[in-house]
1. Being more than 25 Å from residue A:99 (Cα to Cα) and more than 21 Å from the chain's Cα centre (by Cα) is the filter here, so list the residues in segment A:35-47 that pass it.
2. Taking helices (runs of 4 or more DSSP H) that do not extend beyond segment A:154-264, which have at least 3 residues that are more than 30 Å from residue A:136 (Cα to Cα)?
3. Which count do you get for residues in segment B:20-51 that are touching a residue at least 60 places away in the same chain (Cβ under 8 Å) and away from the ligand (no atom under 16 Å from the Cβ)?
4. Residue check: is residue A:158 in the same structural domain as residue A:353 (by TED's automatic domain parsing) and under 25 Å from residue A:18 (Cα atoms)?
5. Kindly provide the set of residues from segment B:97-117 that are surrounded by fewer than 21 Cβ atoms within 10 Å (Cβ to Cβ) and facing chain A (nearest Cβ under 9 Å), ordered by number.
6. Taking the condition of being under 23 Å from the mean Cα position of the chain (by Cα) and assigned to a loop (DSSP other than H, G, I, E, B), how many residues in segment A:48-83 meet it?
7. Hey, can you tell me all the residues within segment A:111-152 that are more than 7 Å from chain B (Cβ to nearest Cβ) and within 22 Å of residue A:290 (Cβ to Cβ)?
8. Looking at residue A:156, is it surrounded by fewer than 24 Cβ atoms within 10 Å (Cβ to Cβ), closer than 30 Å to residue A:187 by Cβ and at pLDDT 95 or above?
Ligand SMILES: [Zn+2]
């Protein structure tokens with residue numbers, strides 16, 4: 001593991017999550033931001049850099065900063081989908097390393113469930129999106145279904161193996177009182193659930209909830225003065241391979257194949273150094289292709305890798321320990337929750353679901369139609 | 001309650017020759033005159049070599065199913081059409097398109113050979129769908 005210390009996550013918090021019909025998207029973000037700053041022992045007036053991504057307005061950073069009473073000297077609204085917040089961590093570290101600021105606030109919020117924003121079909125499609133939407137593919141689920149279908153064809157992956165991912169997530173969620181979906185779930189239940197887009201059933205798909213989260217990233221100097229022990233950012237990397245699915249070179253291989261090795265090399269770690277993994281699980285197939293691309297198993301072996309309880313509580317590869325997007329919550333862009341859970345595990349504050357003596361966490365976000373990838377490696381002293 | 005409209009392409013100077021081709025029963029893709037590679041979707045520079053010397057050519061209209069899904073839960077204006085099949089098809093020229101598979105009485109599979117068939121949507125938009133012509137050996 002690398003020895004130098006540049007930046008750390010010092011504050012983490014979530015807003016109310018699940019169903020929040022009386023909250024606006026700004027209220028959720030303000031709630032998460034204040035909680036995260038308070039968690040760190042900092043204040044809105046300490047925030048120098050603001051990072052935000054969301055689909056609720058074109059002007060995310062302008063509106064949110066104004067609402068919170070922040071005038072940032074560095075602002076970044078990079079939006080590459082659900083992996084945006086992993087990218088934001090990387091950008092924050094780079095800015096801190098360059099000496100541009102010392103305190104960064106990363107925020108997300110969504111009221112997609114209460115506002116019924118999912119499943120909307122646009123009346124007009126312009127530019128490069130006009131070659132897909134007219135055919136009627138439901139996105140994103142249809143895109144992930146086509147990746148799963150190809151993965152099954154090339155590697156013999158079975159629906160039962162996809163279901164294992166959902167079952168493990170549910171078993172973690174059953175140990176998390178805040179999780180949205182906590183009823184027992186079996187492989188048979190997943191396979192018997194309603195088919196959405198072949199081969200993906202209802203329980204192969206993430207939840208649709210409201211919710212928000214925030215993270216405070218600071219320089220080493222500030223981190224040493226904060227309330228919690230620093231969770232160091234040891235490595236980070238990002239990429240995107242395409243936007244529309246027809247331009248994805250190989251639907252079974254994601255940009256994680258680039259970001260995983262880069263982030264792990266920066267952190268100076270190997271695969272078996274990872275104590276806990278938080279892997280974006282928009283759909284069950286997302287986990288399988290990501291674990292392969294990150295190199296935790298060979299290409300095509302992801303189905304076998306996730307089987308037999310390996311990624312479930314008590315398994316040898318603790319993953320998505322809050323229940324994930326499949327069972328914890330999924331307010332549209334889930335990446336911020338991956339980081340929060342990883343930091344919580346490294347602090348040792350994860351309660352019933354705590355991974356014993358977790359020292360290194362790997363977080364991987366995936367956005368849009370397997371389009372964007374960002375990896376963050378976190379560690380504690 | 002009025003039926004929600006289906007997505008309609010906004011024609012621009014990249015896309016117009018493609019969509020006008022569909023209306024005429026011609027599947028148009030581009031070829032780069034600098035590197036000789038085919039390009040889809042249409043654009044003003046070649047993503048392989050940065051050349052701006054791209055010309056529209058008529059594709060043979062033959063391809064192979066790269067992957068597909070059968071949609072059982074459609075959204076909005078497509079929800080009453082389920083089940084229907086969406087596929088990514090690799091044209092023989094080497095480019096990939098999204099499409100809908102039709103006339104697949106015995107189902108469709110990856111590797112099946114398909115040919116283009118132009119189909120008018122209920123709102124008048126002509127789309128390049130594909131239908132099976134030869135099952136893959138499985
Ligand atoms: Zn070229």
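The values are calculated or read from the model by the stated rules, or taken from the named source; none is laboratory data. All values reported here derive from a predicted model rather than from experimental measurement. Positions of Cβ are backbone-derived with ideal geometry, glycine not excepted, and every protein chain shown enters the neighbour counts.
1. Hits for segment A:35-47: nothing passes.
2. In segment A:154-264, A:159-173, A:220-223 are the helices (runs of 4 or more DSSP H) which contain 3 or more residues that are more than 30 Å from residue A:136 (Cα to Cα).
3. 4
4. Taking the combined requirement at face value, the residue does not satisfy it.
5. Correct list: B:109, B:110, B:111.
6. 12
7. Those that are more than 7 Å from chain B (Cβ to nearest Cβ) and within 22 Å of residue A:290 (Cβ to Cβ): A:139, A:140, A:141, A:143, A:144, A:147, A:148, A:151, A:152.
8. yes
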